[in-house]
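Asks: This is the structure I have questions about; it appears just below.
Every number in this text was worked out from the coordinates using simple rules, so none of it is lab data. On a predicted model such as this, the values are computed, not experimentally measured, just so you know. Using ideal geometry, Cβ is built from the backbone for each residue, glycine included, and neighbour counts are taken over all protein chains shown.
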Amino acid sequence: MKRVFNPFKEETKVRHKAMIQISPYIDSLALIRQKKQKNIQCRVRLAKKTDLQALVQLEQKGYAGYIAWDLSDFERDWHRNPQILYLVIEAKDLATDKSKIIGMITGRCLINNTHISQLVIDPEWQSHGLGSYLLKIWLQISRELDRKSVTLEVRESNTHAQKIYYQQGFVLENKKPFYYEDNGETALFLRCHL
Ligand SMILES: CC(C)(COP(=O)(O)OP(=O)(O)OC[C@H]1O[C@@H](n2cnc3c(N)ncnc32)[C@H](O)[C@@H]1OP(=O)(O)O)[C@@H](O)C(=O)NCCC(=O)NCCS
């Protein structure tokens with residue numbers, strides 16, 4: 001029989017330690033009380049491997065077409081990186097029982113700190129407090145995991161995102177000029193001490 005080459009075959013047993021550790025905490029979270037659509041039930045859950053394609057689509061929608069990570073980047077991270085932490089907001093339509101991912105916060109749990117790589121809310125669901133809520137959960141998880149701080153990079157022009165970071169205690173630590181490949185924009189390196 002012909003063998004199909006699977007680059008991730010050997011890595012599929014990676015244990016996502018931090019995700020396993022925080023799983024009881026995530027399961028204990030209440031459903032999100034959102035006012036946008038009464039027949040839609042939203043909750044935070046850990047991401048699954050089968051969500052990765054949806055994460056790419058969400059990222060594309062959230063960044064208006066710009067793709068920071070394509071599917072292979074997410075798959076590589078998922079299969080090779082034991083430190084990953086991926087959370088999503090799932091919205092379930094109670095009438096049809098269909099679910100959709102409308103938000104994500106992803107990153108990694110390092111020795112002393114956690115690092116946020118992506119925070120994205122579906123544009124149709126933005127400005128309803130969901131981004132701030134995911135960030136708050138991430139900070140709580142980082143405390144649960146006994147990490148000392150949370151770090152992230154944000155574009156200098158992304159003042160909307162910066163607002164929620166500063167509101168939740170992040171401070172500017174450093175500026176990285178020409179950080180983003182697409183337009184050479186400066187990145188602000190922010191840290192929240194826990
Ligand atoms: C940044 C992002 C995650 C924020 O999520 P969100 O759910 O829209 O944010 P929230 O609803 O929690 O809003 C938080 C604050 O921003 C304000 N805000 C929300 N939408 C806004 C908008 N379009 N313009 C200006 N301020 C806005 C809210 O009023 C709120 O402030 P308040 O607490 O003083 O009322 C979301 O806009 C997004 O996905 N953007 C695209 C991807 C991105 O830039 N990610 C960050 C990369 S570092």
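Asks: Label-point separation (nm) for LYS48 and ASP73, each offset 7 Å from Cα along Cα-to-Cβ?
Replies: Placing both labels 7 Å beyond Cα along the Cβ direction yields 2.5 nm.
Asks: So for the range 9-147, averaging the separation of alpha carbon pairs under 8 Å that are six or more residues apart and normalising by length, what relative contact order in percent results? Write down the numbers at each step before the final one.
Replies: Numbers: 204 pairs, mean separation 34.3, N = 139.
The value is 25 percent.
Asks: Take the Cα of GLN126, step 7 Å along the line toward its Cβ, and report every residue of the range 96-116 whose backbone nitrogen sits under 18 Å from that point.
Replies: So the set is 101-106.
Asks: Below 8 Å, C-alpha to C-alpha, sequence gap of six or more: please give me the relative contact order for the range 149-194 in percent. Could the numbers behind the result be given before it?
Replies: Details: 74 pairs, mean separation 23.3, N = 46.
Relative contact order comes out at 51 percent.
Asks: Kirkwood Rh over Cα pairs of the range 136-194 into Stokes-Einstein at 25 °C, 0.890 mPa s: D in µm²/s?
Replies: Working: Rh = 12.0 Å.
It diffuses with D of about 204 µm²/s by this estimate.
Asks: Then there is this: Return the Rg/Rh ratio of the chain with Cα-based radii and a Kirkwood Rh. If you can, show how the numbers build up before the last one.
Replies: Working: Rg = 17.1 Å, Rh = 17.7 Å.
On the Cα set of the chain, Rg over Rh gives 0.97.
Asks: What whole-number distance in Å separates the alpha-carbon centres of the range 122-177 and the range 20-62?
Replies: Cα centroid to Cα centroid, the span is 17 Å.
Asks: LEU194 versus TYR166, label points 7 Å from Cα toward the beta carbon: distance in nm?
Replies: So the two model labels end up 2.5 nm from each other.
Asks: Can you return the lysines within cross-link range of LYS17? Criterion is Cα-Cα under 19 Å, with same-chain partners fewer than 8 residues away left out.
Replies: Cα-Cα hits under 19 Å: LYS48, LYS49, LYS148.
Asks: In the structure displayed, which of LYS35/LYS92; LYS61/LYS100; LYS13/LYS100; LYS36/LYS92 lie more than 25 Å apart, Cα to Cα? Can you show the working numbers first?
Replies: Values: LYS35/LYS92 14 Å; LYS61/LYS100 14 Å; LYS13/LYS100 27 Å; LYS36/LYS92 13 Å.
Beyond 25 Å between Cα atoms: LYS13/LYS100.
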